Amino acid sequence: MYTQDIIKMIKTNYPDQKEFHQAVQEVLVSLEPVIAKDKKYQDNAILQRMVMPDREIAFRVDWMNDEGEVQANTGYRIEFNSAIGPYKGGLRFHPSVNSGIIKFLGFEQVFKNSLTTLALGGAKGGSDFDPKGKSDAEVMRFCQAFMNELYRHIGACTDVPAGDIGVGAREIGYLFGQYKKLTNRFDGVLTGKGLTWGGSLARPEATGYGCVYFAQEMLKERGESLSGKICTVSGSGNVAIYTVEKLYHLDAIPVSVSDSKGTIHDKNGIDLDLLKEIKEKRRESLEEYAKIKSDCKYIKISDYQEGTHPVWSIPCFAAFPSATENELNLYDAKTLLQNGCKCVSEGANMPSTIEAIELFLKSKICYGPGKAANAGGVAVSGLEMAQNASMYSWDFESVDKKLHSIMESIFVKSSETAKEFGDPTNLVLGSNIAGFRKIADAMIDQGI
Ligand code: GLU
C-alpha cells in the first residue's frame, strides 16, 4: 500500500524523529480512502512530496547571559509547503525542541492552515532555548541573536512566523524590533504583534476561543451545548487561558488548568482574573494560585501516578487538552470516557496519542482533532496579515465574528468530508482529507 510505504520510508530515513512519525502516520492512514479513490495523487507522487519539507534551516544562536557568559543554542525554521500561500507558523522556544519536534509541528501546520480557508502555507521554527527563569534582558538578547539569522529567510509574502510555546507578545516584540533594525522595513513579517504596532485585536484570544467555538459546533450537531457543563482544561498558557474565558462566556464551568509543576482542580470554577494575573503578569507557577485560593486542590507533578495526567481523571462533560503533544494517552482516554466525557476539543498540537485517538473515534464522542480545533490562532494570524497588507485595523467584534465563522466552516467542511467518505463522526478523516485535497490539487496545478 502506497501510504504504508511512505510511513516506512519516513521511519527508515529519520529513525529518531518519533513525533514526526506519529504525525505522518495519523495523517496518511486517514488519507487512504482519498488516495485509493483518485489515482492522480499517486501519479504525481504527492505523498512523498508532502512529507518532505521544501526547506530545513538549522543555525547556531550565540548570546550572552546576565553573568556575562556566552551561551549557544540551536535555532530552526522548517519551511514545509507553500502551495497555497506564504509559509506560516509559529516559533517554539522550549528545551524539548529539536528538528523532529519542529518537523512534526510544521507538517501539522500545513494541513491546519489549509483548513482555515485562508491563503497560508505551512512552516514552524524555534529553539531549545528556555525562556523560563530568564530575565527580560536575557530574553531580548536571545531574540535579537535568533533574528540575526532568521531575518534572511522570512518576509511578509515569503514566510511569516508567530508565537507558540515560550513565544508570546514579549518575544514577538523583541524579534520584530531586531527585524526592523536589520532590514529597515516595517511590514507584517510576524504575527501576534502588539496592538499599537501592527497587531490584531483578538489574536491573543483566538486559539482558545476558536477551540471552544469548534466544540460548540460539534455539540450543536447533536443537539447538545456546553451551558452548565463541567469542563477540564490542561495547560495555562495563552490557549488555556482564553479557552477558560470563552467557556465562561458560554456558561460552562471550567474547573482545571495545569503547568509543568502541577494541576489545579478548582471545583467551583477557575478564578480567571487570578489565573491571568499569575501567568500573564507575574509569570509565576500555579503553586501561587494554590497558595492564594486555598480551597482548591493542587496536585504536584511529583505526586502524579506514572503514565497518567491527573487533569484527565477529573470527571467532565468536555475536555480541552491545551498544553502540549502526547499529554493524553490511552489510559487517560479510558478514564475520561468512563467518567462520562462526551467531547474532546484539542487546543494543543497533537495532544492525544494515536491509541487515545483511536478510542475516541471508536466511542463516537465529539472529537475535534487539533489541526481543525486549534486552527483559530493561525486563522487570526492570517487576518492580521490581511490588516497589515491593507494598513488598516479591524475592531474586536469584526475579528471575533470572522474567527467564529472560520471555525464554523472548518467544522462543516470536515464533517461533510467525513460523510462523503462514509464515516460521518470521524473528523480526523474529514479534516485531514479536506486539508489535503486543497494543497495536493494546488501542487498538481503548479507542476513539479
Ligand atoms: N503556533 C500556533 C499554531 O500552532 C499559531 C501559528 C501562527 O499564528 O502562525 O497554530
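The values are calculated or read from the model by the stated rules, or taken from the named source; none is laboratory data. None of these values were measured; they are calculated from a predicted model. Cβ sites come from the backbone with ideal geometry, for glycine too, and all protein chains shown count toward neighbours. Just so you know, the surface numbers come from the protein's heavy atoms only, side chains and all, with ligands and any DNA or RNA stripped out. Shrake-Rupley method; radii C 1.70, N 1.55, O 1.52, S 1.80 Å.
Tabulated values for the structure
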item: Hits in region 110-129 - residues which are part of a loop (DSSP other than H, G, I, E, B), open to solvent by less than 10 Å² (accessible area, probe 1.4 Å) and either within 15 Å of G163 (Cα to Cα) or at pLDDT below 95 (or both); result: F129
item: Top-ranked residue in region 304-328 [being open to solvent by 40 Å² or more (accessible area, probe 1.4 Å) and in contact with a Gly (Cβ under 8 Å, 6 or more places away or on another chain); ranked as farthest from R92 (Cα to Cα)]; result: P315
item: Matching residues in region 158-186 - criterion: being touching a helix residue (DSSP H, G or I) at 6+ places or on another chain (Cβ under 9 Å) and open to solvent by 30 Å² or more (accessible area, probe 1.4 Å); result: D164, G168, A169, R170, Y174, K181, L182, T183, R185, F186
item: Condition met for I354 (open to solvent by 30 Å² or more (accessible area, probe 1.4 Å), farther than 30 Å from V110 by Cα and touching a residue at least 40 places away in the same chain (Cβ under 8 Å)); result: no
item: Some residue of region 227-234 being at pLDDT 95 or above, out of contact with any Pro (no Cβ under 6 Å at 6 or more places or on another chain), surrounded by 24 or more Cβ atoms within 10 Å (Cβ to Cβ) and not in a helix (DSSP H, G or I); result: yes
item: Condition met for N374 (among the polar types (S, T, N, Q) and open to solvent by less than 10 Å² (accessible area, probe 1.4 Å)); result: yes
item: Pick from region 329-345, criterion under 12 Å from A215 (Cα atoms) and of a type outside the set (A, V, I, L, M, F, W, C), ranking: least open to solvent (accessible area, probe 1.4 Å); result: S345
item: Which listed residue is within 15 Å of the ligand (Cβ to nearest atom) and acidic (D, E), from D130, D159, D136; result: D159
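One line per residue, one yes/no per condition, for (1) modelled with pLDDT under 95; (2) in a helix (DSSP H, G or I); (3) within 16 Å of the ligand (Cβ to nearest atom):
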{"residue": "T308", "(1), (2), (3)": "yes, no, no"}
{"residue": "V344", "(1), (2), (3)": "no, no, no"}
{"residue": "L361", "(1), (2), (3)": "no, yes, no"}
{"residue": "S393", "(1), (2), (3)": "no, no, no"}
{"residue": "V399", "(1), (2), (3)": "no, yes, yes"}
{"residue": "I406", "(1), (2), (3)": "no, yes, yes"}
